[in-house]
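The values are calculated or read from the model by the stated rules, or taken from the named source; none is laboratory data. All values derive from a computational prediction rather than experimental measurement. Here the Cβ positions follow ideal geometry from the backbone for every residue, glycine too, while neighbour counts run over all protein chains shown. Accessible surface is based on the protein model in full, side chains and every heavy atom, while ligands, DNA and RNA are left aside. Shrake-Rupley method; radii C 1.70, N 1.55, O 1.52, S 1.80 Å.
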Amino acid sequence: MQHPQLPLGLKLRDSARFASYFPGRNQEAVDSLRRSAQGGGESLIYLAGPAGLGKTHLLQAACQQAVESGRTAVYLPLQPLRELSPALLEGLEQLALVCLDDVDAVAGHADWERGLFDLFNRMRDSGGTLLVAAERRGDQIRIALADLVSRLGWGVTYVLRPLDEETLFAAVTCRARARGLELPEDTARFLLRRFPRDLASLCDLLDRLDQASLVARRRLTIPFVKAALAGDTA
């Protein structure tokens with residue numbers, strides 16, 4: 001699932017699957033990503049949206065889906081890689097699917113901008129699929145290379161939308177059930193009121209609460225959650 005020339009120790013999260021992503025109002029984007037990962041649909045998809053909406057989850061899910069469909073794929077988070085040479089992008093066009101996360105992290109880095117521009121052209125020529133993500137749209141991330149801004153707009157752009165109150169509640173309780181975790185409604189509502197309201201953060205909390213409840217052999221009542229997460233509340 002990793003490019004053989006990248007000694008980066010990158011690893012996809014096993015839980016990053018399309019089935020474990022609660023789409024809410026983003027169903028069209030999820031369906032489009034799944035088709036592209038399988039080798040159909042759009043050859044370039046751009047995901048935009050602030051942190052916490054699941055962009056990384058979706059890109060990694062696309063890699064998992066591609067491999068399960070018999071395609072080669074790689075996921076690259078550019079935020080931690082920008083201090084390295086963009087030469088690591090060379091040869092990626094040999095893969096069927098390339099997923100680039102945090103594209104905005106290299107905006108203003110001339111060598112990286114040129115490297116991405118060249119990769120976009122090579123991917124187009126090879127017929128591969130390119131999925132990219134950033135917090136804002138491609139024409140809003142202060143990329144200096146105008147030709148790269150143009151390439152970012154070649155495909156379809158989806159601006160991910162946050163889950164509303166009831167959808168987020170349904171997502172949290174659904175994720176808890178999938179883990180075999182009993183999450184009373186009043187406790188779920190408490191979590192939504194007192195902690196960051198993005199699904200990724202809430203799922204991390206569920207992981208911690210699951211472990212804490214196993215160790216203490218306690219149900220997830222509000223008093224127990226308060227004690228287990230003391231110091232974390234807003």
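Tabulated data for the structure shown
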| read-out | value |
| --- | --- |
| Given charges at beta-carbon only (K, R positive; D, E negative), |dipole| of the chain in Debye | 760 debye |
| Dipole magnitude of the stretch 131-234, debye to nearest 20 (Cβ charges: Lys/Arg +1, Asp/Glu -1, about Cα centre) | 220 debye |
| Degrees, to the nearest 10: 27-37 long Cα axis against longest axis of the chain | 50 degrees |
| The stretch 24-127: C-alpha gyration tensor shape, a/c 1.5 cut-off, then a/b vs b/c | oblate |
| Helix 55-68 axis, angle to the chain major axis (alpha carbon atoms, nearest 10°) | 70 degrees |
| Length gained when the stretch Asp14-Arg136 is fully extended (0.36 nm per residue, less Cα-Cα span) | 41.2 nm |
| Shape call, the stretch 110-158: gyration tensor on alpha carbons, a/c limit 1.5 | oblate |
| Within-13-Å neighbourhood charge of Phe224 [Cβ basis; K, R +1; D, E -1] | +2 |
| Pair Arg25, Asp207: separation of 7 Å Cα→Cβ label points (nm) | 2.8 nm |
| Peptides 211-217, 73-79, 17-23 ordered by average Cβ neighbours within 10 Å, highest first | 73-79, 17-23, 211-217 |
| Per-peptide average of other Cβ atoms within 10 Å, ordering 160-167, 59-66, 194-201 highest first | 59-66, 194-201, 160-167 |
| Glu182 versus Arg218: modelled label distance in nm, points set 7 Å from Cα along the beta carbon direction | 1.5 nm |
| Karplus (6.51, -1.76, 1.60) ³J(HN,Hα), θ = phi - 60°, over the stretch 108-115, in Hz, Gly and Pro reported as x | x, 8, 4, 5, 5, 4, 5, x |
| Principal-axis tilt of helix 185-194 within the chain, Cα atoms, nearest 10 degrees | 60 degrees |
| Share of carbon and sulfur in the accessible heavy-atom surface of the chain [1.4 Å probe, %] | 48 percent |
| Per residue accessible area of the chain, 1.4 Å probe, in Å² | 49 Å² |
| Fully extended contour minus Cα-Cα distance, from Ala87 to Leu229, at 0.36 nm per residue | 46.8 nm |
| The stretch 160-234: C-alpha gyration tensor shape, a/c 1.5 cut-off, then a/b vs b/c | prolate |
| For the stretch 38-53, Karplus couplings with θ = phi - 60° (6.51, -1.76, 1.60), whole Hz, Gly/Pro x | 7, x, x, x, 6, 8, 9, 10, 10, 9, 10, x, x, 4, x, 9 |
